[in-house]
Amino acid sequence: MEWFESLALLLGSILVLMAIGMPVALAFLAANILGAWFFMGGAKGITLLLNNGFGGLTNYALVPIPLFLLMGEIFFHTGLGARMFNAIDRLLGKLPGRLSYVTVLGGTAFSTLSGSSMGSTALLGSLMVPEMTTRGYKKHMSIGPILGTGGLAIIIPPSALAVLLATLARIDVGALLIAGIIPGLILASFYIATIYIQTKIDPSAAPAYDVETLSWGQKMRLLFGDVMPMLSVMVLIVIGMVGGLITPSEAAAFGALGVLILAVLFRCLSWEAMKKSVVGALRVTLMAYLIVFGSATFSQLLAFSGASSGLIRWATSFDLAPVAMLLVMFGVLLLLGMFMEQISMMLLTVPIFFPLAASLGFDPIWFGLIILLALEISFTTPPFGLLLFVMKGVAPKDTTMREIYLSAFPYMGCSMLLVALLILFPQLALWLPGM
Amino acid sequence: METVGKLYRGFLYAMAGIAGVMLVWLMISVIMSVVMRNSGLQPFAWLFTSSEYAILYMTMLGAPWLVREKGHVHIELVTAALPIGMRRVVSRLVALLCVLVSLILAWKGAELLLGNITRNDLDVRAYYFPKWILTIAFPVSFGLMAIEFSRFVFGDNLMHSGEAGIHE
Amino acid sequence: QETITAVHAFPESLIYTKSFLEFVDKVNAAGEGVVQIEVRGGPEAIGMFQQPDAVRDGVVDMVYTPGSFYAGALPEKDALVTSNMTAAETRANGGIELIDQIHQEKMGLKYLGWFDSGVCYNLWTRNEPTLDDGGNLDVSGLKLRGNAVYNAFFTDYLGAQVIDLPTTEVYSALERGVVDATGWTQIGLIDLKWNEFLNYRIEPCFFSTDLGTVVNLEKWNSLSEEARTIVQDVAIAHEAESSEKLGAVRDEDFAKLEAAGMKVVTLEGDAADAYLAAATQKTWDRMKGLMAESPQGDGNYDKLIELFYK
Ligand code: NA
Ligand code: NA
């Protein structure tokens with residue numbers, strides 16, 4: 001089979017199965033069975049699929065997500081989250097879309113430091129979306145910023161994916177990490193601008209209800225009584241990570257513990273709330289991890305059958321101007337990103353893209369950052385961006401996938417804009433590492 | 001027959017219960033190993049390994065329950081566009097396809113399990129652990145998923161609602 | 001013309017993978033018109049730890065992987081881990097023949113060759129290591145990262161606090177001070193950039209890499225006599241060449257590290273002997289115990305040690 005036939009078979013089968021309404025995880029598994037049959041010599045390929053699932057699921061890197069979910073669910077079901085957001089709402093006064101801004105700031109800080117895009121989306125999604133919806137925000141005002149900031153985890157250091165990329169491409173890890181700081185902050189400021197524009201265009205998207213003016217004493221009471229204790233959980237686990245007491249993978253467990261302790265102190269921990277929290281976290285985890293089970297093998301089938309490497313070689317075989325070539329590579333990453341997970345994409349593309357970039361005269365650090373941005377965007381590209389499903393799992397029941405896709409688009413646009421800026425002004429990435 | 005149904009339901013929910021316990025265990029094991037490490041003790045290596053195994057058990061044991069709860073996310077595109085009669089047919093056919101996939105995986109999972117037992121395969125991490133204790137989750141989980149999906153083939157309750165969008 | 005499909009355990013950027021790809025090129029040159037190896041990729045094509053099962057089941061014909069990735073099926077791989085000899089020496093004395101025979105019997109695999117041998121492991125630390133009165137390494141204050149290969153040695157003998165971390169997390173763990181020491185092969189520290197945080201290398205080195213090329217036995221037997229001869233001959237030649245080449249790479253790496261300030265601390269006399277003896281003995285104990293549990297028993301134990309350790 002030619003590479004494009006393999007590609008058509010694999011992508012075609014998964015898209016058809018999804019379109020007729022097969023659960024996403026089962027669609028992956030069915031496509032895998034088909035692919036294993038064609039490319040891995042029949043029934044023995046299906047055994048490999050199970051072994052892959054075994055390897056994919058017994059992986060410590062998956063520990064943080066359920067625990068960040070648990071943390072968010074406990075925050076929500078004990079009412080601690082509502083209490084904190086009430087206070088923030090009142091402290092910020094009349095600014096339209098204020099909780100959206102809070103989401104960008106909190107999401108940037110949190111996803112950046114935790115380094116986990118899925119974990120951060122899980123936490124903020126379960127924490128903010130229900131709260132903001134009950135306060136009259138339209139869904140895209142909460143879902144969008146969370147999906148946007150989730151991706152920042154891999155741009156701004158610390159970032160495990162950036163370290164892995166630098167190792168695979170044999171470029172300076174430190175320089176790549178530092179190169180991400182300014183572009184990452186620019187991206188966060190684009191997100192803020194997006195919210196500002198959205199509230200200007202559609203004032204009803206965020207409630208602009210009047211809040212009574214507070215005295216200094218009242219403000220202090222809110223700040224120290226309702227905001228600081230919750231914030232301190234986050235601050236403590238960040239200190240633990242920065243101080244080397246805990247790894248980012250371990251931070252989620254302490255986050256959940258911290259919220260549990262707070263709930264005990266504030267006397268709002270009930271058996272009922274605890275049970276709801278575990279069930280809530282479990283539902284989303286199971287849904288996401290069965291997709292992980294199926295998508296791990298799907299990525300491998302794309303590689304093993306030669307479909308994805310054929311695509312990459314074909315796309316890079318044209319004799320194009322450097323910038324056009326860059327856009328081709330970027331486009332290939334976005335296309336693969338709709339169906340593959342990030343690490344497989346890196347393993348597949350780095351050996352071809354980086355030598356090509358070098359021959360085109362690109363700075364490797366700058367190019368590495370562009371690749372990271374493509375990976376960042378692919379977390380939220382329909383149909384299979386993993387963050388989209390995590391969001392679907394944590395958002396209120398009546399949230400449609402269409403709403404989630406539409407919420408993500410402006411924030412993907414921000415990332416694209418940043419890529420354009422980096423092409424025009426490479427110094428945005430290279431100035432800081434060159435210091 | 002009714003007793004069988006009751007027993008089956010009990011088993012399904014017990015497995016989901018274990019999945020929930022596994023989730024809580026993740027938290028406990030991580031906290032224990034960090035506390036031990038930072039107080040100068042050597043954390044038990046099985047804390048780390050058990051949390052990796054817990055993720056597998058959690059996912060596999062909870063998956064059939066999530067089928068019953070319609071918690072596996074799917075997209076309604078075709079089913080939403082069809083008239084009600086056709087929708088019923090397509091919905092049942094999709095569920096049948098899910099049964100088929102689950103059965104194939106349950107069968108190959110059982111084969112893998114038997115292979116692990118006869119080959120005496122070990123999973124090597126901090127310890128050498130008999131692999132069949134882990135892979136037994138496959139035939140059990142996919143077998144039960146096949147049963148749960150078949151309820152959407154033959155039962156009154158359809159998997160698809162007919163409302164456009166992604167459903168969970 | 002016959003075709004052998006192949007995958008490799010590590011990403012393409014790693015030096016060991018490059019060595020395997022050289023081997024493939026040599027076979028494809030020598031086997032033109034007779035036999036060709038078709039590389040399907042690395043861990044992105046079949047998961048790193050699933051590759052041994054994949055070649056066993058015949059999903060792929062050939063795999064380049066450390067024996068430690070299938071330790072559960074073949075504990076005898078520890079003979080290579082603890083070896084202080086090169087592939088050429090053990091090829092000459094019949095050691096590899098015995099290993100091949102065990103692979104065929106236990107896993108249905110042809111053991112084609114032990115590549116990139118002669119590279120050993122060091123312990124690398126951030127702070128100057130302390131030695132006790134007897135000159136022995138004192139690990140009580142170390143936060144040591146471990147893994148399944150050397151845990152028998154680190155924990156059973158050194159009594160260290162081992163923190164199990166995947167390779168990809170070690171960089172950030174070193175950065176934050178979660179760990180401050182790790183074992184690693186003599187080569188590769190610079191590629192992983194861990195030298196940004198590690199400042200001391202402890203000698204003597206211990207163990208050996210155990211990277212080998214295995215082929216599904218059914219596939220191997222189905223090949224023509226001519227094809228088998230070409231592949232096997234090239235493999236035997238590559239065993240010797242790769243080990244010499246890596247020796248030169250190690251010397252280069254060491255020189256680069258030393259120029260960048262890496263200091264060497266050497267255990268002397270009895271302390272060094274005890275250190276090395278423990279590394280091998282604790283690992284042999286593990287091997288013997290696991291061999292005894294398998295249906296084939298531990299009959300080959302003494303023979304293996306005789307052939308792989310001088
Ligand atoms: Na980060
Ligand atoms: Na984004």
For chain B, the longest principal axis of the Cα atoms and the Cα long axis of helix B:2-38 enclose an angle in degrees, to the nearest 10, of 40
Over the range C:2-118, with neighbouring protein chains present, the accessible area per residue in Å² at probe 1.4 Å is 27
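Over the Cα atoms of chain C, Rg to Rh with Kirkwood Rh, two decimal places?
On the way: Rg = 19.7 Å, Rh = 20.2 Å.
Expressed as Rg/Rh, it is 0.97.
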Distance in nm between A:VAL279 and B:ASP156 label points, each 7 Å along Cα→Cβ, equals 2.3
Set A:LYS138/A:LYS276; A:LYS44/A:LYS275; A:LYS94/B:LYS70; A:LYS200/A:LYS276; A:LYS397/B:LYS131; C:LYS193/C:LYS219, cut-off 30 Å on Cα-Cα distance; pairs above it are A:LYS44/A:LYS275; A:LYS94/B:LYS70; A:LYS200/A:LYS276; A:LYS397/B:LYS131; C:LYS193/C:LYS219
Under the 7 Å Cα-to-Cβ spin-label approximation, C:THR130 and A:LEU417 lie apart by a distance in nanometres of 5.7
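Counting only Cα atoms, I'd like the Rg/Rh figure for the range B:2-154, Kirkwood definition for Rh. Write down the numbers at each step before the final one.
Values: Rg = 19.6 Å, Rh = 17.9 Å.
When Rh is taken as the Kirkwood radius, the ratio is 1.09.
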Note to self: C-alpha centroids of the range B:38-102 and the range B:114-159 sit apart, in Å, by 13
Between C:GLN36 and residues 5 or more places away or on another chain, the pairs with built amide H atoms under 5 Å apart involve C:GLU2, C:THR3, C:ILE4
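Any idea of the total accessible area buried by the C-A contact, 1.4 Å probe, rounded to 100 Å²? Please report the intermediate quantities before stating the final value.
On the way: alone 13240 and 18530 Å², together 29040 Å².
Looking at C and A, the buried total is near 2700 Å².
Interface A/B, total buried accessible area with a 1.4 Å probe, nearest 100 Å²?
Details: alone 18530 and 10580 Å², together 23980 Å².
Buried area between the two chains comes out at roughly 5100 Å².
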Taking a probe of 1.4 Å and leaving out DNA, RNA and ligands, chain B shows per residue an accessible area in Å² of 44
In whole angstrom, the spacing between the Cα centers of the range A:89-149 and the range C:217-260 equals 54
Heavy-atom accessible area of chain C with neighbours in place, 1.4 angstrom probe: carbon+sulfur share in percent works out to 49
Accessible-area loss of at least 20 Å² (1.4 Å probe, chain alone to full protein assembly) applies in the range A:283-325 to A:ARG283, A:LEU286, A:MET287, A:TYR289, A:LEU290, A:PHE293, A:GLN300, A:ALA303, A:PHE304
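Given the alpha-carbon gyration tensor of the range A:1-152, what are the semi-axes of its equivalent ellipsoid in whole angstrom, ordered largest first, with each equal to the square root of 5 times an eigenvalue? All intermediate terms of the calculation are to be shown ahead of the outcome.
On the way: eigenvalues 337, 62, 36 Å².
With the √(5λ) rule applied to the range A:1-152, the semi-axes are 41, 18, 13 Å.
Which percent of the accessible area of chain A is formed by carbon and sulfur heavy atoms (probe 1.4 angstrom)?
Values: 10360 of 14640 Å².
Of the solvent-accessible surface of chain A, carbon and sulfur hold 71 percent.
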Taking every alpha carbon pair in the range C:184-310 and sorting the distances into 5 angstrom bins from 0 up to the bin holding the longest one, the percent per bin comes out as 2, 7, 12, 13, 15, 16, 14, 10, 6, 4, 1
Rounded to one decimal in Å, the inverse mean reciprocal Cα-Cα distance for the protein assembly as shown, i.e. its Kirkwood radius, is 29.0
Ignoring ligands, DNA and RNA, the residues of the range B:97-118 whose accessible area with a 1.4 Å probe is reduced by 30 Å² or more relative to the chain alone are B:LEU97, B:CYS98, B:VAL101, B:ILE104, B:LEU105, B:LYS108, B:LEU112
Here the convex hull volume per residue of the range C:64-127, taken over Cα atoms and given in Å³, is 102
quick shape note, the range A:3-434: Cα extents on principal axes in Å, largest first -> 68, 49, 45
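What is the diffusion coefficient of the range C:20-63 in µm²/s, taking the Kirkwood radius over Cα pairs and the Stokes-Einstein relation at 25 °C with a viscosity of 0.890 mPa s?
Details: Rh = 11.4 Å.
The Stokes-Einstein estimate is 215 µm²/s.
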The answer for C:THR130, listing residues at least 5 apart or on another chain whose modeled amide H is closer than 5 Å to its amide H, is C:ASP138
A:GLN218 and C:ASP191 label points (each 7 Å along its Cα→Cβ direction) are spaced in nm at 6.4
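Would you mind counting up the charge near A:ALA179? Only other residues with Cβ under 10 Å from its Cβ, with Lys and Arg at +1 and Asp and Glu at -1. Display every interim value, and only then the final one.
Numbers: positive: none; negative: A:ASP172, A:ASP363.
With Lys, Arg at +1 and Asp, Glu at -1, the net is -2.
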Accessible-area loss of at least 50 Å² (1.4 Å probe, chain alone to full protein assembly) applies in the range C:46-74 to C:GLN50, C:ASP53, C:ARG56, C:ASP57, C:VAL59, C:GLY72
accessible surface per residue for the range A:3-434, probe 1.4 Å, DNA/RNA/ligands not counted, whole Å² -> 33
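The values are calculated or read from the model by the stated rules, or taken from the named source; none is laboratory data. These figures come from a predicted structure and were not determined experimentally. With ideal geometry, Cβ positions are generated from the backbone for all residues, glycine too; neighbour counts draw on all protein chains shown. Just the protein is used for accessible areas: all its heavy atoms, side chains included, with ligands, DNA and RNA removed. Shrake-Rupley method; radii C 1.70, N 1.55, O 1.52, S 1.80 Å.
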